[in-house]
Amino acid sequence: MKKIAILILAVLFNLSLFAQQNKTYKSLIDALKSPTKVYKLDISGKGLPSTSLKNIEKLVNLKDLDLSDNRITEIPPVFGKLKNLETLNLSRNQISGLPPELWTLIKLKKLNISNNQLSNISVDITKLKNLICLNLSDNEIEGLPFEMSKLTNLIDLDVSTNKIQSLNLEIGKFINLKTLKLNTNGLTTVPEDIGKLKNLQILYLNKNLIKEIPSGIGNLSNLTELILNNNLLISLPTEIGNLTNLTKLTLHNNNLTGLPSGIGNLIKLTELNLSPNNISTLPSEIGNLKDLVYLNLSKNKLTKLPSSIGNLTKLEKLNLSKNQLTGIPAKIGDLSNLDTLDLSDNKITNLPASIGKLSNLTNIELSPNNIRTLPDAFFQLNNITSLNLSNNKINTLPGGIGKMLNLTTLDLSRNELVNLPPEIGKLKGLVSLNISNNQLNSLPAEIGGLYNLKTLTLNKNQLTAFPPEIGKLTKLKRIYLKDNDISSKQIRKLEKLLPKCKLK
(Lines give C-alpha, C1' and ligand atoms only; values in the text may rest on other atoms or scores of the structure.)
Protein backbone atom coordinates (compact mmCIF):
# COMPACT_ATOMS: atom_id res chain seq x y z
CA MET A 1 0.00 0.00 0.00
CA LYS A 2 2.85 2.34 0.86
CA LYS A 3 4.36 1.84 -2.62
CA ILE A 4 1.02 2.59 -4.26
CA ALA A 5 0.64 5.78 -2.21
CA ILE A 6 4.13 6.90 -3.21
CA LEU A 7 3.32 6.13 -6.85
CA ILE A 8 0.10 8.15 -6.69
CA LEU A 9 1.93 11.07 -5.11
CA ALA A 10 4.57 10.92 -7.86
CA VAL A 11 1.90 10.94 -10.55
CA LEU A 12 0.10 13.87 -8.93
CA PHE A 13 3.36 15.77 -8.62
CA ASN A 14 4.17 15.21 -12.28
CA LEU A 15 0.67 16.29 -13.31
CA SER A 16 1.02 19.42 -11.21
CA LEU A 17 4.43 20.16 -12.73
CA PHE A 18 3.08 19.54 -16.23
CA ALA A 19 0.18 21.94 -15.62
CA GLN A 20 2.53 24.58 -14.27
CA GLN A 21 4.89 24.25 -17.21
CA ASN A 22 2.01 24.65 -19.65
CA LYS A 23 0.45 27.62 -17.92
CA THR A 24 0.90 30.87 -19.85
CA TYR A 25 1.19 34.04 -17.80
CA LYS A 26 -0.22 37.20 -19.37
CA SER A 27 1.31 39.72 -16.99
CA LEU A 28 4.90 40.23 -15.87
CA ILE A 29 3.67 41.48 -12.49
CA ASP A 30 1.78 38.22 -11.92
CA ALA A 31 4.72 36.16 -13.14
CA LEU A 32 7.12 37.83 -10.70
CA LYS A 33 4.98 36.70 -7.75
CA SER A 34 6.30 33.16 -8.29
CA PRO A 35 9.27 33.75 -10.62
CA THR A 36 10.78 30.27 -10.47
CA LYS A 37 7.48 28.62 -11.42
CA VAL A 38 6.99 30.56 -14.65
CA TYR A 39 7.76 28.75 -17.88
CA LYS A 40 5.61 30.68 -20.37
CA LEU A 41 5.04 34.43 -20.52
CA ASP A 42 2.99 36.17 -23.19
CA ILE A 43 2.76 39.94 -22.86
CA SER A 44 2.34 40.66 -26.55
CA GLY A 45 0.18 43.41 -28.01
CA LYS A 46 0.19 45.62 -24.93
CA GLY A 47 2.17 48.57 -26.28
CA LEU A 48 4.82 48.08 -23.62
CA PRO A 49 8.05 50.16 -23.64
CA SER A 50 11.50 48.73 -22.88
CA THR A 51 11.32 49.97 -19.29
CA SER A 52 8.42 47.65 -18.56
CA LEU A 53 10.77 44.62 -18.67
CA LYS A 54 12.31 45.41 -15.26
CA ASN A 55 13.13 42.30 -13.18
CA ILE A 56 12.30 39.92 -16.05
CA GLU A 57 15.67 38.25 -15.40
CA LYS A 58 14.18 36.71 -12.25
CA LEU A 59 12.18 34.29 -14.39
CA VAL A 60 15.13 31.93 -14.49
CA ASN A 61 13.10 28.91 -15.68
CA LEU A 62 11.33 30.76 -18.49
CA LYS A 63 11.19 28.74 -21.73
CA ASP A 64 8.73 30.64 -23.89
CA LEU A 65 8.63 34.47 -24.05
CA ASP A 66 6.39 36.48 -26.38
CA LEU A 67 7.06 40.23 -26.43
CA SER A 68 5.68 40.87 -29.92
CA ASP A 69 3.65 43.89 -30.95
CA ASN A 70 4.87 46.33 -28.30
CA ARG A 71 6.93 49.55 -28.27
CA ILE A 72 10.22 48.00 -27.22
CA THR A 73 13.26 49.82 -28.61
CA GLU A 74 16.04 47.86 -26.92
CA ILE A 75 16.54 44.54 -25.19
CA PRO A 76 18.09 44.87 -21.70
CA PRO A 77 21.38 42.97 -21.19
CA VAL A 78 19.79 41.08 -18.28
CA PHE A 79 18.09 38.92 -20.92
CA GLY A 80 21.33 36.98 -20.86
CA LYS A 81 20.24 35.49 -17.53
CA LEU A 82 17.25 33.72 -19.11
CA LYS A 83 19.41 30.68 -19.78
CA ASN A 84 16.48 28.26 -20.23
CA LEU A 85 14.76 30.28 -22.93
CA GLU A 86 13.82 28.17 -25.97
CA THR A 87 11.37 30.43 -27.80
CA LEU A 88 11.67 34.21 -28.07
CA ASN A 89 9.30 36.40 -30.09
CA LEU A 90 10.38 40.03 -30.43
CA SER A 91 8.49 40.78 -33.65
CA ARG A 92 6.62 44.04 -34.39
CA ASN A 93 8.62 46.30 -32.11
CA GLN A 94 11.06 49.16 -32.71
CA ILE A 95 14.33 47.38 -32.02
CA SER A 96 17.36 48.68 -33.92
CA GLY A 97 20.09 46.70 -32.16
CA LEU A 98 20.53 43.51 -30.14
CA PRO A 99 22.70 43.12 -27.01
CA PRO A 100 25.57 40.60 -27.11
CA GLU A 101 23.99 38.89 -24.10
CA LEU A 102 21.20 37.66 -26.40
CA TRP A 103 23.64 35.38 -28.19
CA THR A 104 24.45 33.57 -24.93
CA LEU A 105 20.96 31.99 -24.82
CA ILE A 106 22.28 28.76 -26.27
CA LYS A 107 19.07 26.77 -25.59
CA LEU A 108 17.13 29.03 -27.95
CA LYS A 109 15.33 27.06 -30.68
CA LYS A 110 12.97 29.67 -32.11
CA LEU A 111 13.85 33.34 -32.54
CA ASN A 112 11.53 35.84 -34.20
CA ILE A 113 12.83 39.40 -34.62
CA SER A 114 10.71 40.31 -37.66
CA ASN A 115 9.17 43.73 -38.23
CA ASN A 116 11.79 45.77 -36.42
CA GLN A 117 14.50 48.22 -37.47
CA LEU A 118 17.59 46.02 -37.53
CA SER A 119 20.24 46.93 -40.12
CA ASN A 120 22.68 44.11 -39.38
CA ILE A 121 23.03 40.79 -37.58
CA SER A 122 26.03 40.02 -35.39
CA VAL A 123 28.30 37.13 -36.29
CA ASP A 124 27.70 35.95 -32.71
CA ILE A 125 24.32 34.63 -33.81
CA THR A 126 26.28 31.49 -34.71
CA LYS A 127 26.46 30.70 -30.98
CA LEU A 128 22.76 29.78 -31.09
CA LYS A 129 23.54 26.34 -32.46
CA ASN A 130 20.17 24.91 -31.41
CA LEU A 131 18.16 27.34 -33.50
CA ILE A 132 15.64 25.62 -35.76
CA CYS A 133 13.47 28.64 -36.65
CA LEU A 134 14.85 32.11 -37.37
CA ASN A 135 12.69 34.96 -38.61
CA LEU A 136 14.50 38.20 -39.53
CA SER A 137 11.93 39.44 -42.05
CA ASP A 138 10.73 43.02 -42.42
CA ASN A 139 13.84 44.79 -41.19
CA GLU A 140 16.51 46.88 -42.92
CA ILE A 141 19.22 44.22 -43.04
CA GLU A 142 21.68 44.69 -45.89
CA GLY A 143 23.61 41.45 -45.51
CA LEU A 144 23.97 38.26 -43.50
CA PRO A 145 27.24 37.23 -41.83
CA PHE A 146 29.19 34.59 -43.73
CA GLU A 147 29.52 32.52 -40.54
CA MET A 148 25.76 32.19 -40.27
CA SER A 149 26.08 29.06 -42.40
CA LYS A 150 27.14 27.29 -39.21
CA LEU A 151 23.51 27.25 -38.01
CA THR A 152 23.04 23.86 -39.61
CA ASN A 153 20.06 22.88 -37.46
CA LEU A 154 17.88 25.54 -39.02
CA ILE A 155 14.64 24.19 -40.47
CA ASP A 156 12.89 27.50 -41.14
CA LEU A 157 14.74 30.66 -42.24
CA ASP A 158 12.93 33.86 -43.20
CA VAL A 159 14.95 36.93 -44.23
CA SER A 160 12.31 38.37 -46.55
CA THR A 161 11.56 42.07 -46.95
CA ASN A 162 15.00 43.43 -46.20
CA LYS A 163 17.69 45.13 -48.28
CA ILE A 164 19.85 42.11 -49.06
CA GLN A 165 21.42 42.34 -52.53
CA SER A 166 23.59 39.24 -52.34
CA LEU A 167 23.96 36.18 -50.15
CA ASN A 168 27.49 36.25 -48.77
CA LEU A 169 27.24 32.88 -47.10
CA GLU A 170 27.40 29.20 -47.95
CA ILE A 171 23.71 28.60 -48.25
CA GLY A 172 24.28 24.97 -49.17
CA LYS A 173 25.31 24.21 -45.59
CA PHE A 174 21.74 24.69 -44.29
CA ILE A 175 21.15 21.03 -45.01
CA ASN A 176 18.13 20.71 -42.70
CA LEU A 177 16.20 23.66 -44.11
CA LYS A 178 12.61 22.95 -45.12
CA THR A 179 11.46 26.56 -45.59
CA LEU A 180 13.57 29.37 -47.02
CA LYS A 181 12.11 32.82 -47.67
CA LEU A 182 14.37 35.28 -49.48
CA ASN A 183 11.63 37.28 -51.15
CA THR A 184 11.31 41.06 -51.34
CA ASN A 185 14.97 41.95 -51.23
CA GLY A 186 17.33 43.21 -53.92
CA LEU A 187 18.82 39.86 -54.90
CA THR A 188 20.15 39.65 -58.44
CA THR A 189 21.46 36.07 -58.33
CA VAL A 190 20.71 32.78 -56.61
CA PRO A 191 23.73 30.74 -55.39
CA GLU A 192 24.33 27.53 -57.33
CA ASP A 193 24.78 25.61 -54.06
CA ILE A 194 21.11 26.13 -53.28
CA GLY A 195 20.79 22.75 -54.96
CA LYS A 196 22.35 21.15 -51.88
CA LEU A 197 19.26 21.87 -49.76
CA LYS A 198 17.80 18.43 -50.39
CA ASN A 199 15.22 18.77 -47.58
CA LEU A 200 13.84 22.09 -48.81
CA GLN A 201 10.07 22.08 -49.33
CA ILE A 202 9.22 25.79 -49.64
CA LEU A 203 11.35 28.39 -51.45
CA TYR A 204 10.34 32.04 -51.81
CA LEU A 205 12.45 34.10 -54.23
CA ASN A 206 9.76 36.48 -55.46
CA LYS A 207 10.02 40.26 -55.66
CA ASN A 208 13.73 40.44 -56.31
CA LEU A 209 15.83 41.35 -59.36
CA ILE A 210 16.79 37.80 -60.33
CA LYS A 211 17.49 37.20 -64.03
CA GLU A 212 18.44 33.54 -63.89
CA ILE A 213 17.71 30.46 -61.80
CA PRO A 214 20.69 28.06 -61.43
CA SER A 215 20.40 24.55 -62.81
CA GLY A 216 21.01 23.24 -59.29
CA ILE A 217 17.38 24.04 -58.51
CA GLY A 218 16.57 20.73 -60.15
CA ASN A 219 18.13 18.87 -57.21
CA LEU A 220 15.44 20.08 -54.80
CA SER A 221 13.29 17.02 -55.29
CA ASN A 222 11.24 17.63 -52.12
CA LEU A 223 10.19 21.15 -53.14
CA THR A 224 6.41 21.65 -53.05
CA GLU A 225 6.28 25.46 -53.39
CA LEU A 226 8.51 27.55 -55.63
CA ILE A 227 7.64 31.26 -55.68
CA LEU A 228 9.45 33.16 -58.45
CA ASN A 229 7.04 35.93 -59.42
CA ASN A 230 8.05 39.57 -59.81
CA ASN A 231 11.62 39.08 -60.98
CA LEU A 232 13.48 39.63 -64.26
CA LEU A 233 13.57 36.01 -65.45
CA ILE A 234 13.92 35.50 -69.19
CA SER A 235 14.01 31.71 -69.13
CA LEU A 236 13.81 28.73 -66.81
CA PRO A 237 16.42 25.97 -66.57
CA THR A 238 15.40 22.65 -68.10
CA GLU A 239 16.12 21.08 -64.71
CA ILE A 240 12.96 22.64 -63.34
CA GLY A 241 11.24 19.62 -64.80
CA ASN A 242 12.82 17.53 -62.03
CA LEU A 243 10.68 19.20 -59.37
CA THR A 244 7.91 16.67 -59.65
CA ASN A 245 6.55 17.30 -56.15
CA LEU A 246 5.70 20.94 -56.86
CA THR A 247 2.09 21.83 -56.10
CA LYS A 248 2.59 25.59 -56.36
CA LEU A 249 4.69 27.52 -58.90
CA THR A 250 4.34 31.26 -59.44
CA LEU A 251 6.03 32.89 -62.43
CA HIS A 252 3.93 35.98 -63.05
CA ASN A 253 5.49 39.39 -63.59
CA ASN A 254 8.70 38.24 -65.25
CA ASN A 255 10.17 38.49 -68.76
CA LEU A 256 9.87 34.85 -69.78
CA THR A 257 9.86 34.25 -73.52
CA GLY A 258 8.96 30.58 -73.28
CA LEU A 259 8.71 27.51 -71.08
CA PRO A 260 10.89 24.38 -71.13
CA SER A 261 9.16 21.17 -72.18
CA GLY A 262 9.96 19.83 -68.72
CA ILE A 263 7.13 21.97 -67.37
CA GLY A 264 4.94 19.03 -68.32
CA ASN A 265 6.58 16.93 -65.61
CA LEU A 266 5.12 19.06 -62.84
CA ILE A 267 1.95 17.01 -62.76
CA LYS A 268 1.00 17.92 -59.18
CA LEU A 269 0.47 21.60 -60.02
CA THR A 270 -3.07 22.81 -59.42
CA GLU A 271 -2.45 26.50 -60.20
CA LEU A 272 -0.16 28.19 -62.69
CA ASN A 273 0.07 31.95 -63.13
CA LEU A 274 2.23 33.15 -66.05
CA SER A 275 0.90 36.70 -66.37
CA PRO A 276 2.44 38.98 -67.50
CA ASN A 277 5.44 37.68 -69.43
CA ASN A 278 6.62 37.63 -73.06
CA ILE A 279 5.70 34.03 -73.88
CA SER A 280 4.96 33.56 -77.59
CA THR A 281 4.45 29.77 -77.70
CA LEU A 282 3.57 27.04 -75.26
CA PRO A 283 5.12 23.56 -75.31
CA SER A 284 2.63 20.81 -76.06
CA GLU A 285 3.70 19.20 -72.77
CA ILE A 286 1.62 21.76 -70.90
CA GLY A 287 -1.23 19.37 -71.61
CA ASN A 288 0.32 16.95 -69.10
CA LEU A 289 -0.66 19.19 -66.18
CA LYS A 290 -3.98 17.42 -65.75
CA ASP A 291 -4.53 18.52 -62.16
CA LEU A 292 -4.53 22.22 -63.08
CA VAL A 293 -7.62 24.02 -61.85
CA TYR A 294 -6.41 27.57 -62.59
CA LEU A 295 -4.27 28.70 -65.53
CA ASN A 296 -3.48 32.35 -66.19
CA LEU A 297 -1.68 33.11 -69.46
CA SER A 298 -2.88 36.67 -69.85
CA LYS A 299 -0.62 39.55 -70.96
CA ASN A 300 1.76 37.48 -73.06
CA LYS A 301 2.47 37.28 -76.79
CA LEU A 302 0.72 34.03 -77.65
CA THR A 303 -0.44 33.71 -81.25
CA LYS A 304 -1.80 30.19 -80.93
CA LEU A 305 -2.43 27.45 -78.39
CA PRO A 306 -1.38 23.80 -78.58
CA SER A 307 -4.30 21.42 -79.01
CA SER A 308 -3.02 19.56 -75.94
CA ILE A 309 -4.59 22.29 -73.82
CA GLY A 310 -7.76 20.25 -74.20
CA ASN A 311 -6.21 17.64 -71.88
CA LEU A 312 -6.59 19.95 -68.88
CA THR A 313 -10.00 18.58 -68.06
CA LYS A 314 -9.96 19.70 -64.42
CA LEU A 315 -9.43 23.31 -65.41
CA GLU A 316 -12.04 25.66 -63.96
CA LYS A 317 -10.54 29.06 -64.81
CA LEU A 318 -8.59 29.88 -67.96
CA ASN A 319 -7.36 33.40 -68.66
CA LEU A 320 -5.97 34.04 -72.14
CA SER A 321 -6.66 37.76 -72.30
CA LYS A 322 -4.28 40.35 -73.75
CA ASN A 323 -2.45 38.09 -76.17
CA GLN A 324 -2.30 37.96 -79.97
CA LEU A 325 -4.48 34.92 -80.54
CA THR A 326 -6.37 34.77 -83.84
CA GLY A 327 -8.23 31.59 -82.92
CA ILE A 328 -8.50 28.83 -80.34
CA PRO A 329 -8.23 25.08 -80.94
CA ALA A 330 -11.35 22.94 -81.18
CA LYS A 331 -10.02 20.90 -78.26
CA ILE A 332 -11.05 23.78 -75.98
CA GLY A 333 -14.42 22.07 -75.93
CA ASP A 334 -12.96 19.20 -73.90
CA LEU A 335 -12.51 21.43 -70.83
CA SER A 336 -15.73 20.13 -69.31
CA ASN A 337 -15.20 21.72 -65.88
CA LEU A 338 -14.40 25.21 -67.14
CA ASP A 339 -16.56 27.90 -65.53
CA THR A 340 -14.57 31.02 -66.52
CA LEU A 341 -12.95 31.67 -69.89
CA ASP A 342 -11.32 35.02 -70.64
CA LEU A 343 -10.45 35.56 -74.31
CA SER A 344 -10.64 39.35 -74.21
CA ASP A 345 -8.15 41.65 -75.90
CA ASN A 346 -6.98 39.29 -78.64
CA LYS A 347 -7.38 39.14 -82.42
CA ILE A 348 -9.75 36.20 -82.59
CA THR A 349 -11.85 36.11 -85.77
CA ASN A 350 -14.03 33.09 -85.00
CA LEU A 351 -14.81 30.55 -82.32
CA PRO A 352 -14.93 26.77 -82.82
CA ALA A 353 -18.33 25.08 -82.62
CA SER A 354 -16.91 22.89 -79.84
CA ILE A 355 -17.12 25.85 -77.48
CA GLY A 356 -20.77 24.93 -77.08
CA LYS A 357 -19.71 21.83 -75.14
CA LEU A 358 -18.55 23.94 -72.18
CA SER A 359 -21.78 23.33 -70.30
CA ASN A 360 -20.40 24.56 -66.96
CA LEU A 361 -19.30 27.91 -68.31
CA THR A 362 -20.81 30.80 -66.35
CA ASN A 363 -18.48 33.60 -67.47
CA ILE A 364 -16.91 34.26 -70.86
CA GLU A 365 -15.06 37.42 -71.91
CA LEU A 366 -14.73 38.13 -75.63
CA SER A 367 -14.18 41.88 -75.87
CA PRO A 368 -12.31 43.22 -77.75
CA ASN A 369 -11.57 40.87 -80.65
CA ASN A 370 -12.22 40.62 -84.40
CA ILE A 371 -15.12 38.15 -84.24
CA ARG A 372 -17.48 38.43 -87.23
CA THR A 373 -19.82 35.51 -86.62
CA LEU A 374 -20.73 33.21 -83.77
CA PRO A 375 -21.31 29.47 -84.26
CA ASP A 376 -24.82 28.23 -83.48
CA ALA A 377 -23.34 25.97 -80.80
CA PHE A 378 -22.18 29.05 -78.89
CA PHE A 379 -25.75 29.72 -77.79
CA GLN A 380 -25.87 26.40 -75.94
CA LEU A 381 -23.91 28.13 -73.16
CA ASN A 382 -27.10 28.78 -71.24
CA ASN A 383 -25.49 29.13 -67.80
CA ILE A 384 -23.97 32.48 -68.73
CA THR A 385 -25.64 35.43 -67.03
CA SER A 386 -23.48 38.24 -68.41
CA LEU A 387 -22.29 38.30 -72.02
CA ASN A 388 -19.95 40.97 -73.37
CA LEU A 389 -19.50 40.81 -77.15
CA SER A 390 -18.60 44.48 -77.53
CA ASN A 391 -15.72 45.75 -79.65
CA ASN A 392 -15.89 43.04 -82.30
CA LYS A 393 -16.96 42.98 -85.95
CA ILE A 394 -20.21 41.08 -85.63
CA ASN A 395 -22.62 42.04 -88.43
CA THR A 396 -25.31 39.45 -87.79
CA LEU A 397 -26.56 38.16 -84.46
CA PRO A 398 -27.95 34.64 -84.91
CA GLY A 399 -31.40 33.82 -83.60
CA GLY A 400 -29.77 31.33 -81.27
CA ILE A 401 -29.24 34.23 -78.84
CA GLY A 402 -32.79 33.52 -77.69
CA LYS A 403 -31.62 30.26 -76.11
CA MET A 404 -29.46 32.03 -73.53
CA LEU A 405 -32.34 32.41 -71.11
CA ASN A 406 -30.22 33.15 -68.04
CA LEU A 407 -28.74 36.33 -69.47
CA THR A 408 -29.24 39.42 -67.34
CA THR A 409 -26.67 41.63 -69.09
CA LEU A 410 -25.91 41.70 -72.81
CA ASP A 411 -23.38 44.08 -74.37
CA LEU A 412 -23.28 44.16 -78.18
CA SER A 413 -21.85 47.66 -78.48
CA ARG A 414 -19.19 48.65 -81.02
CA ASN A 415 -19.97 46.03 -83.63
CA GLU A 416 -21.40 46.21 -87.17
CA LEU A 417 -24.96 45.09 -86.51
CA VAL A 418 -27.63 46.35 -88.88
CA ASN A 419 -30.52 44.60 -87.13
CA LEU A 420 -31.46 42.41 -84.18
CA PRO A 421 -33.13 39.01 -84.52
CA PRO A 422 -36.71 38.74 -83.20
CA GLU A 423 -35.48 35.99 -80.84
CA ILE A 424 -33.93 38.73 -78.72
CA GLY A 425 -37.35 39.08 -77.17
CA LYS A 426 -37.03 35.67 -75.50
CA LEU A 427 -34.43 36.96 -73.05
CA LYS A 428 -37.00 37.65 -70.35
CA GLY A 429 -34.40 37.99 -67.58
CA LEU A 430 -32.41 40.72 -69.33
CA VAL A 431 -31.89 43.77 -67.12
CA SER A 432 -29.32 45.65 -69.22
CA LEU A 433 -28.96 45.73 -73.02
CA ASN A 434 -26.25 47.76 -74.74
CA ILE A 435 -26.36 47.94 -78.55
CA SER A 436 -24.70 51.32 -78.97
CA ASN A 437 -22.16 52.09 -81.69
CA ASN A 438 -23.67 49.85 -84.37
CA GLN A 439 -25.57 50.48 -87.62
CA LEU A 440 -29.12 49.73 -86.45
CA ASN A 441 -31.89 51.58 -88.26
CA SER A 442 -34.75 49.84 -86.45
CA LEU A 443 -35.63 47.64 -83.47
CA PRO A 444 -37.71 44.47 -83.70
CA ALA A 445 -41.20 44.55 -82.21
CA GLU A 446 -40.18 41.61 -80.04
CA ILE A 447 -38.04 43.92 -77.93
CA GLY A 448 -41.25 44.56 -76.02
CA GLY A 449 -40.84 41.09 -74.51
CA LEU A 450 -37.90 42.24 -72.40
CA TYR A 451 -40.20 43.26 -69.56
CA ASN A 452 -37.43 43.14 -66.90
CA LEU A 453 -35.19 45.56 -68.79
CA LYS A 454 -34.03 48.54 -66.73
CA THR A 455 -31.29 50.03 -68.94
CA LEU A 456 -31.30 50.25 -72.74
CA THR A 457 -28.32 51.85 -74.49
CA LEU A 458 -28.93 52.76 -78.14
CA ASN A 459 -26.67 55.75 -78.79
CA LYS A 460 -24.58 56.07 -81.97
CA ASN A 461 -26.82 54.11 -84.34
CA GLN A 462 -29.05 55.11 -87.26
CA LEU A 463 -32.41 54.79 -85.53
CA THR A 464 -35.26 57.01 -86.69
CA ALA A 465 -38.23 55.50 -84.83
CA PHE A 466 -39.31 52.89 -82.26
CA PRO A 467 -41.81 50.07 -82.39
CA PRO A 468 -44.93 50.71 -80.27
CA GLU A 469 -44.12 47.52 -78.31
CA ILE A 470 -41.31 49.37 -76.58
CA GLY A 471 -44.00 50.81 -74.37
CA LYS A 472 -44.31 47.39 -72.68
CA LEU A 473 -40.94 47.94 -71.00
CA THR A 474 -42.52 49.34 -67.85
CA LYS A 475 -39.44 48.65 -65.70
CA LEU A 476 -37.17 50.66 -67.98
CA LYS A 477 -35.46 53.42 -65.99
CA ARG A 478 -32.98 54.77 -68.53
CA ILE A 479 -32.71 54.78 -72.29
CA TYR A 480 -29.69 56.30 -74.01
CA LEU A 481 -30.43 57.77 -77.44
CA LYS A 482 -27.70 60.25 -78.37
CA ASP A 483 -26.25 60.34 -81.88
CA ASN A 484 -29.19 58.81 -83.77
CA ASP A 485 -31.53 60.30 -86.40
CA ILE A 486 -34.57 60.49 -84.12
CA SER A 487 -36.90 63.43 -84.67
CA SER A 488 -38.34 65.46 -81.81
CA LYS A 489 -41.74 64.06 -82.74
CA GLN A 490 -40.51 60.53 -82.16
CA ILE A 491 -38.96 61.59 -78.85
CA ARG A 492 -42.30 62.96 -77.65
CA LYS A 493 -43.98 59.75 -78.73
CA LEU A 494 -41.42 57.72 -76.80
CA GLU A 495 -41.95 59.88 -73.71
CA LYS A 496 -45.66 59.05 -73.79
CA LEU A 497 -44.98 55.35 -74.19
CA LEU A 498 -42.43 55.36 -71.32
CA PRO A 499 -43.49 58.14 -68.96
CA LYS A 500 -41.35 56.87 -66.03
CA CYS A 501 -38.20 56.37 -68.08
CA LYS A 502 -35.39 58.91 -68.31
CA LEU A 503 -34.35 59.65 -71.88
CA LYS A 504 -30.69 60.56 -72.21
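General observations
- Scope the range 253-272; condition in contact with a strand residue (DSSP E or B) (Cβ under 8 Å, 6 or more places away or on another chain) and surrounded by fewer than 19 Cβ atoms within 10 Å (Cβ to Cβ); matching residues: Thr270, Glu271
- Residue in the range 285-295 that is charged (D, E, K, R), more than 20 Å from Tyr204 (Cα to Cα), in contact with a helix residue (DSSP H, G or I) (Cβ under 7 Å, 6 or more places away or on another chain) and assigned to a loop (DSSP other than H, G, I, E, B) present: yes
- So Ile121, is it more than 25 Å from Asp193 (Cα to Cα), in contact with a helix residue (DSSP H, G or I) (Cβ under 8 Å, 6 or more places away or on another chain) and among the β-branched types (Val, Ile, Thr): no
- Verdict on Lys331 being outside any loop (DSSP other than H, G, I, E, B) and basic (Lys, Arg): yes
- Set side by side, the residues Leu62, Leu144, Leu154 differ, and just one is modelled with pLDDT of 95 or more, out of contact with any strand residue (DSSP E or B) (no Cβ under 9 Å at 6 or more places or on another chain) and in a loop (DSSP other than H, G, I, E, B), which is Leu144.
- For the range 331-385, the set of residues classified as touching an Asp or Glu at 6+ places or on another chain (Cβ under 9 Å), farther than 25 Å from Val431 by Cβ and among the polar types (S, T, N, Q) consists of Asn337, Ser354, listed by residue number.
- Residues that are part of a helix (DSSP H, G or I), of a type outside the set (A, V, I, L, M) and touching a strand residue (DSSP E or B) at 6+ places or on another chain (Cβ under 7 Å) within the range 29-59 are absent altogether.
- None of Asn350, Asn323 is surrounded by fewer than 18 Cβ atoms within 10 Å (Cβ to Cβ) and either part of a loop (DSSP other than H, G, I, E, B) or basic (Lys, Arg) (or both) except Asn350.
- Lys322 being under 28 Å from His252 (Cα atoms) and within 24 Å of the chain's Cα centre (by Cα): yes
The values are calculated or read from the model by the stated rules, or taken from the named source; none is laboratory data. Since the structure is predicted, the reported quantities are computational estimates derived from the model, not experimental observations. Cβ atoms come from the backbone with ideal geometry, glycine included; neighbour counts cover every protein chain shown.
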